[in-house]
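Everything on this sheet refers to the single structure shown next.
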Amino acid sequence: MLKKISWGHGVAIALGTFMLFILGLIFYFTSTMSNSELITENYYEEELEYQKVIDAKTLAEQLPEKPEYIQNEEGIRIVFPAAINNNNSTFRIDLHRADDQRLDIIRDMKLDNRNSIFVPANVMVNGHYVLRMHWVKDQKNYQLDYDLEW
């Protein structure tokens, strides 16, 4: 004969089922997580300084001529207007990968004779990058950000 299940048994079965469900979710999400990392080690300190980034982006957006990037199979070329050059500015290029910071490319650079910066294809891996162009001209910071797929 079948024994009737009391309300105590029902609560125990419901609790056990719920716990198994939660544990299953935990194991599922931890096993499928990709390598997501913070863009920087000092994230919280840099977040407090974010107003400077906002100001730099605002200044860059107000320029009559902005730097542009050209992407092809050879790499990425960032062309700056003639008013921005090695004599009056300093430059830094950041190519950030959100999925793996080991693939980030962060370099202080000088413009070449074409008033541009070239990042060759062989230093990048296929995937999504955030290109950040930083430059300082006349003691003012400028920054432009672009999303790109390599």
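When the range 119-132 is filtered for residues that are surrounded by 15 or more Cβ atoms within 10 Å (Cβ to Cβ) and within 13 Å of the chain's Cα centre (by Cα), the ones remaining, listed by number, are Tyr129, Val130, Leu131, Arg132. Note on the range 1-37: among residues that are β-branched (Val, Ile, Thr) and at pLDDT below 95, the one that is nearest to Gly127 (Cα to Cα) is Thr32.
Just name the residue that is surrounded by the most Cβ atoms within 10 Å (Cβ to Cβ) out of those in the range 74-87 that are touching a strand residue (DSSP E or B) at 6+ places or on another chain (Cβ under 8 Å) and not basic (Lys, Arg). It would help to see each step written out before you state the result.
Kept after step one, since they are touching a strand residue (DSSP E or B) at 6+ places or on another chain (Cβ under 8 Å), are these residues of the range 74-87: 74-80, 84.
From what is left, the residues that are not basic (Lys, Arg) are 74-76, 78-80, 84.
Numbers: Glu74: 12, Gly75: 15, Ile76: 24, Ile78: 22, Val79: 14, Phe80: 22, Ile84: 19.
Residue satisfying both the conditions and the ranking: Ile76.
Residues that are without any contact (Cβ under 8 Å) to a residue 24 or more places away in the chain and of a type in the set (A, V, I, L, M) do not occur anywhere in the range 85-104.
Would the range 39-52 turn up any residue that is of a type in the set (Val, Ile, Thr) and at pLDDT 85 or above? First the steps, then the outcome.
Taking the range 39-52 and keeping what is of a type in the set (Val, Ile, Thr), we get 39-40.
Those left that are additionally at pLDDT 85 or above: none.
Checked against the condition, which is being of a type in the set (Val, Ile, Thr) and at pLDDT 85 or above, the range 39-52 yields no hits at all.
In the set Ile76, Ile84, only one residue is closer than 24 Å to Glu49 by Cβ and either in the same structural domain as Glu49 (by TED's automatic domain parsing) or not in a helix (DSSP H, G or I) (or both); that residue is Ile84. Only one entry in Asp104, Asp99 is surrounded by fewer than 16 Cβ atoms within 10 Å (Cβ to Cβ), modelled with pLDDT under 90 and within 19 Å of the chain's Cα centre (by Cα), namely Asp99.
The rows are residues; the columns are (1) surrounded by fewer than 16 Cβ atoms within 10 Å (Cβ to Cβ); (2) over 15 Å from Lys140 (Cα atoms); (3) not aliphatic (A, V, I, L, M).
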position	(1), (2), (3)
Asn72	yes, yes, yes
Ser89	no, no, yes
Lys110	yes, yes, yes
Arg114	yes, yes, yes
Ile117	no, yes, no
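The values are calculated or read from the model by the stated rules, or taken from the named source; none is laboratory data. Being a predicted model, the structure only gives us computed values, none of them experimental. All Cβ positions, glycine included, derive from the backbone under ideal geometry; neighbour counts span all protein chains shown.
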